[in-house]
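What follows is a set of notes on a single structure, which appears directly below.
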Amino acid sequence: MLITNIKALVGIHPKEKLVLRGSEMAHLPVLENAWLLVENGLIKDFGPMATLPSSISHLPYHNAEGRFVLPTWVDSHTHLVFAQPREEEFVMKIAGKSYEDIAAAGGGILNSANKLAEASESELFESASVRLKELIRLGTGAIEIKSGYGLTVESELKMLRVVKRLKDTFPIPIRATLLAAHAYPAQYRNDHQAYLNLIIKELLPQIAKEKLADYMDVFCEQGFFSVPETDQLLQAAARYGLKPKIHANQLSISGGVEVGIKNAALSVDHLEETNPEVIQALAKSDTIATLLPSCSFYLNIPFANAKELLQADVPVALASDYNPGSAPSGNMNFVVSLGCIKLKMMPEEAINAATLNGAAALALSHEVGSIAKGKRANLILTKPMPSLAFLPYSFGQPQLEAVIINGEIYNG
Ligand code: NIG
Ligand code: FE
């Protein structure tokens, strides 16, 4: 595939640039009036139209006049596998109940776990496939998917086997994360250690045996998993080679960021609540701060302090948090708009956060997340647009004309 007359080819970072720290994120290298050549599903070459080699100018081409080409979004935090939506909780929220009220009344994560226990592996695979196809059509070209609605050995394995099937079936890179420590099941409410032992002694060995997870997540939050509990779980996971990507500081300053950094977390996610100490701890580490503004939008909780994180030179990623309870949308175009509108990121910063830094938060930035020779040709071709800022500006109206996965227009 040869694409010609591209109004601007966006996100041309040097191939060895695997992550961008805060101050680097304002720089989104662009080539105007460009061509791009794909071979064997990879980006073979690109350049300005004036230099289009005669050796390829005879190839069939796609004329992208007036349109931009970007790397596809990398959504590094989702809970895409679930049995049922929870729109009844949405209605409770409108009537004034908080996320914590709903969880305390038997809703929330435990509600999803009850529904998931009844669903078969193939039902879960079918419904997740429908969602994933929709997300790819919306420009997502690599994704992370968590367990965490199982909360029993059997159901956590069921969820991760579904993710494995998605990995084997879909044409995009998928990473799986074990989130058995998402909430304490009712029978362990007064015996936390018994549930931790279940995860450490039964689940982790089985998951390692079947190679079902790439990462380990814990919901480190008041009323969920404490800092010492989180530490214990992350240390156990490390013995199986699972690095942490954890839920931290969603509802309070939980200590999650610090325990994540201590355990060399690839990312700490949410961070709706921070203070100067938390930001300093991140600034001194290589852990990525993954912000999930759709969750703040939907739950009406504070938005993360992206500005200060960027000023402190922390690498920031944006992801959807797609899940039935706190972010029932996996639309990364909307996430990028919220990044600009609510987190006050510049369009360049938000796009870098949703592409290269999202890829870094999955250790995939050697493969996706920017325009570089040899990387996967997972690309967004926009509609005709006056400028790049038009993309996040037109919130709720994705400006995508086509999504290209491994060099082919995605029709799934
Ligand atoms: O990332 N905070 C924990 N987990 C999800 C919500 C899960 C749910 O409500 O089902 C989140 O927001
Ligand atoms: Fe989440």
Cα-based shape type of the range 349-412, given that a ≥ b ≥ c are square roots of the gyration tensor eigenvalues and the cut on a/c is 1.5: oblate
Links that overshoot a 26 Å alpha carbon limit, given the list Lys93/Lys262; Lys115/Lys243; Lys284/Lys344; Lys307/Lys373; Lys44/Lys383; Lys164/Lys262: Lys93/Lys262; Lys115/Lys243; Lys307/Lys373; Lys164/Lys262
Sites Glu88 and Asn63 - FRET efficiency at Förster radius 60 Å, r taken between beta-carbons, to 0.05: 0.80
Percentage, to the nearest whole number, of Cα pairs in the range 74-360 over 33 Å apart: 13 percent
Table column - 3J(HN,Hα) (Hz), the range 8-14, Karplus curve with 6.51, -1.76, 1.60, x for Gly and Pro: 8, 9, 10, x, 8, 7, x
Equivalent ellipsoid dimensions for the range 210-250 as semi-axes, Å, which come from the Cα gyration tensor, largest first: 20, 11, 7
Per-pair calculated FRET efficiency, R0 = 22 Å: Ser122 and Gln206 via Cβ, rounded to 0.05: 0.60
Enclosed volume per residue, in Å³, of the convex hull spanned by Cα atoms of the range 278-412: 125 Å³
Fully extended contour minus Cα-Cα distance, from Arg239 to Ala26, at 0.36 nm per residue: 72.9 nm
Paramagnetic reach from Asn5 (point 7 Å along Cα→Cβ, amide N under 19 Å) across the range 357-383: 381-383
Nearby aspartates and glutamates by direct alpha-carbon distance to Lys133 (threshold 17 angstrom, same-chain neighbours under 8 apart not counted): Asp75, Glu123, Glu144, Asp168, Asp321, Glu401, Glu408
Rounded to 10°, Cα long-axis angle of helix 227-238 versus longest principal axis of the chain: 60 degrees
Rounded percent of accessible protein surface that carbon and sulfur make up, the chain, 1.4 Å probe: 53 percent
Kirkwood-based shape ratio for the range 168-223, expressed as Rg/Rh from alpha carbons: 1.06
3J(HN,Hα) from dihedral phi, the range 151-162, Karplus parametrisation 6.51/-1.76/1.60, rounded to Hz, x for glycine, proline: 6, 10, 4, 4, 6, 5, 5, 4, 4, 6, 5, 4
For Lys243, distant residues with modelled amide H under 5 Å away: Met216
Cα convex hull of the range 298-342, projected area averaged across orientations, nm²: 3.3 nm²
Between helix 108-118 and the chain: long-axis angle, C-alpha atoms, 0 to 90°, nearest 10: 90 degrees
Whole-number accessible area per residue in Å² for the chain, which is evaluated in the context of all protein chains at 1.4 Å: 38 Å²
Amide proton proximity set for Val81, modelled H, under 5 Å, gap of 5+: Lys146
Using θ = phi - 60° and Karplus 6.51 cos²θ - 1.76 cosθ + 1.60, couplings along the range 185-194 (whole Hz; Gly, Pro as x): x, 3, 6, 10, 4, 9, 9, 4, 4, 5
Built amide H within the under 5 Å cut-off of Val314, gap 5+: Gly22
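The values are calculated or read from the model by the stated rules, or taken from the named source; none is laboratory data. Everything numeric in this text was worked out from a predicted model, so none of it was measured. Note: ideal-geometry Cβ built from the backbone for every residue, glycine included; neighbour counts use all protein chains shown. The area values use the complete protein model at the heavy-atom level, side chains included, leaving out ligands, DNA and RNA. Shrake-Rupley method; radii C 1.70, N 1.55, O 1.52, S 1.80 Å.
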